[in-house]
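Just below is one structure, and these are the notes that go with it.
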Amino acid sequence: MKTLIQPVKGTRDFYPEEMSIRTWLYQQIKKVSSSFGYEEYEGPILERLDLYAAKSGEELVKEQSFVFSDRGGDQITLRPELTPTLARMIAQKQNELAFPVRWWSFGPFWRYERPQKGRTREFFQWNIDILGVDSPEADAELVAVAASFFQSVGLTPNEIKIFVNNRRLMDVTLAEMGIAPENRKTVFHIIDRRDKLNPNSWKEYALECGLTPDQFEQLCHILEDKDLWKKSDELVRFFNVLKAMKLDEFVVFDPQVIRGLEYYTGTVFEGRDAAGEGRAVFGGGRYDNLVGDVGGDPLPGVGFAMGDVMVTLLLQKYGKIPAKQEQQKMVLVTIFDSTLLPSSFSLANKLRLEGITVVTYPEAVKLQKQLKFADRKGIRFAAIQGPDEAAANTVTLKDLLKREQQTVPVEEAGKTLQSMMA
RNA sequence: GUGGCUGUAGCUCAACGGCAGAGCGCCACACUGUGGAUGUGGAUGUUGUGGGUUCGAAACCCAUCAGCCACCCCA
């Protein structure tokens with residue numbers, strides 16, 4: 001093999017097979033988002049670096065984004081996330097929008113990271129947000145959107161779980177433990193690492209970070225407390241809504257869920273394989289000062305983002321991605337020989353005008369080869385017109401799946417095919 | 001950014017210092033008007049790339065690129 005130019009590290013080629021999965025995913029996302037009244041939007045793929053510097057940590061953006069200078073010398077980045085763009089778009093029209101705003105989007109993003117399972121440098125992400133409301137019921141709506149999505153693609157609560165926590169609840173709880181506000185970030189980090197270390201190392205790590213043995217014991221107790229949420233009025237209201245929507249099977253309270261993002265202020269949640277494998281499938285939460293950071297008036301909101309990579313892995317694992325169906329309704333019009341070529345092309349277009357998807361074989365080769373092609377492509381029907389049929393102005397229509405065929409007048413071919421497909 | 005594993009035919013892999021192979025797939029024919037089967041025959045490689053060690057390297061060493069896995073991070 002000649003040496004091919006290699007694709008860019010961490011990118012994926014979407015061959016028709018993968019593309020049909022992505023398109024299907026998009027359709028599911030669109031269906032669910034619309035059913036809750038969310039409107040689709042899109043921002044530019046290129047943004048000024050400054051947009052992210054305003055909110056995310058400078059290092060995060062510089063180290064983990066694709067950044068370049070344009071010809072005018074401006075620092076431009078391939079967008080690593082959508083939320084700052086959303087904030088800008090909202091801020092620009094803040095006085096003319098009817099709140100609450102419900103928007104969703106599905107598009108490409110880039111992060112300069114080391115690729116591994118479930119993580120690429122170029123990926124697609126579903127973003128969905130509700131802005132302008134500050135209620136636990138709005139939090140519940142977003143989680144309900146996610147749960148409905150899983151439901152609509154056929155994932156069950158045994159396969160996917162949405163783990164929920166609340167930052168305010170954790171703040172109060174940590175305060176009760178005597179942990180000063182400035183140390184809470186450290187404790188959140190300790191909580192985050194719990195699953196990555198064995199119990200002994202984790203304890204060592206926690207004590208190194210400055211927890212007293214007594215605080216460590218309390219922390220363990222808290223993280224095991226499945227009823228802690230009852231102390232949070234917000235979470236009580238949140239779970240009530242999900243129960244009323246009969247989606248509560250998908251949702252579990254988990255005091256260990258923190259989410260890395262510093263701008264989350266209330267409810268936080270993430271979806272994971274119920275079997276405990278892999279990284280989070282999606283994550284999100286409530287933020288209360290999003291738009292303010294880019295120059296608008298402060299506006300509360302809640303939203304989440306779901307990358308295509310993990311969710312596709314999950315859907316494949318549980319066999320939820322439907323096989324391509326289009327070929328089941330396609331017809332291959334064969335070309336018997338070069339003299340009958342015009343006749344076949346005429347037939348092909350006649351069928352197309354009747355709404356049938358028709359593929360012609362582009363040269364007059366052995367019928368055997370043409371049918372084999374149809375077979376390999378999964379095209380279910382074939383139309384054959386040899387000298388006999390042409391003389392009688394008929395065509396033989398074959399169902400390759402049922403291995404049946406019939407010869408009908410050309411004028412009836414479309415109608416007959418329609419009934420064969422039904 | 002750190003550490004580990006892996007790159008051999010279109011695909012999955014074998015050969016592990018001594019002639020680069022198998023299965024599947026592909027192509028042709030049996031079968032000059034009918035596809036998933038069967039049989040027969042056939043094609044295919046700078047062993048990821050670049051250097052080094054050696055009489056001799058796919059194999060050993062170094063570098064590099066890519067993939068995978070874990071860490072970091074996860075907007």
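The table below lists the values:
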item: Top-ranked residue of segment A:282-308 - restricted to ones that are out of contact with any Pro (no Cβ under 9 Å at 6 or more places or on another chain) and surrounded by fewer than 20 Cβ atoms within 10 Å (Cβ to Cβ), ranked as modelled with the lowest pLDDT; result: A:G295
item: Extreme residue, modelled with the highest pLDDT, among residues of segment A:231-263 that are farther than 23 Å from A:Q218 by Cβ and near RNA strand B (Cβ under 9 Å from one of its atoms); result: A:Y263
item: Inter-residue pairs, beta-carbon under 7 Å, first within 16 Å of RNA strand B (Cβ to nearest atom) and in segment A:194-221, second aliphatic (A, V, I, L, M) and open to solvent by 40 Å² or more (accessible area, probe 1.4 Å), 6+ apart; result: A:Y205/A:L197
item: Qualifying residue in segment A:215-230 (condition: touching a Gly at 6+ places or on another chain (Cβ under 8 Å) and open to solvent by 70 Å² or more (accessible area, probe 1.4 Å)); result: no
item: Residues of segment A:116-127 classified as exposed (fewer than 15 other Cβ atoms within 10 Å of the Cβ) and assigned to a loop (DSSP other than H, G, I, E, B), total; result: 1
item: Matching option when the condition is within 15 Å of RNA strand B (Cβ to nearest atom) and more than 30 Å from A:T407 (Cβ to Cβ), among A:G296, A:G319, A:G278, A:G292; result: A:G278
item: Pair list, Cβ < 6 Å and 6+ apart or interchain, from segment A:396-408 residues that are open to solvent by less than 80 Å² (accessible area, probe 1.4 Å) to residues that are assigned to a strand (DSSP E or B) and near RNA strand B (Cβ under 6 Å from one of its atoms); result: A:T396/A:I384; A:T396/A:Q405; A:K398/A:Q405
item: Qualifying positions in segment A:350-392 - of a type in the set (S, T, N, Q) and surrounded by 12 or more Cβ atoms within 10 Å (Cβ to Cβ); result: A:T357, A:T360, A:Q370, A:Q385
item: Segments classed as helices (runs of 4 or more DSSP H), wholly inside segment A:312-422, with at least 2 members that are out of contact with any Phe, Trp or Tyr (no Cβ under 9 Å at 6 or more places or on another chain) and within 30 Å of A:E17 (Cα to Cα); result: A:341-353, A:367-377, A:413-421
item: Test for A:R352: is it charged (D, E, K, R) and touching a strand residue (DSSP E or B) at 6+ places or on another chain (Cβ under 6 Å); result: yes
item: Sole residue being more than 31 Å from the chain's Cα centre (by Cα), surrounded by fewer than 17 Cβ atoms within 10 Å (Cβ to Cβ) and hydroxyl-bearing (S, T, Y), chosen from A:S152, A:S201; result: A:S201
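This table checks each residue for (1) part of a helix (DSSP H, G or I); (2) out of contact with any helix residue (DSSP H, G or I) (no Cβ under 6 Å at 6 or more places or on another chain); (3) open to solvent by less than 10 Å² (accessible area, probe 1.4 Å).
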| position | (1), (2), (3) |
| --- | --- |
| A:E63 | yes, yes, no |
| A:G72 | no, yes, no |
| A:P80 | no, yes, no |
| A:P84 | yes, no, yes |
| A:I90 | yes, no, yes |
| A:R102 | no, yes, no |
| A:E137 | yes, no, no |
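The values are calculated or read from the model by the stated rules, or taken from the named source; none is laboratory data. Remember, it's a predicted structure, so these values are computed and weren't measured experimentally. As a convention, Cβ positions derive from the backbone with ideal geometry for all residues, glycine included, and neighbour counts pool all protein chains shown. All accessible areas refer to the heavy atoms of the entire protein, side chains included, with ligands and DNA or RNA removed. Shrake-Rupley method; radii C 1.70, N 1.55, O 1.52, S 1.80 Å.
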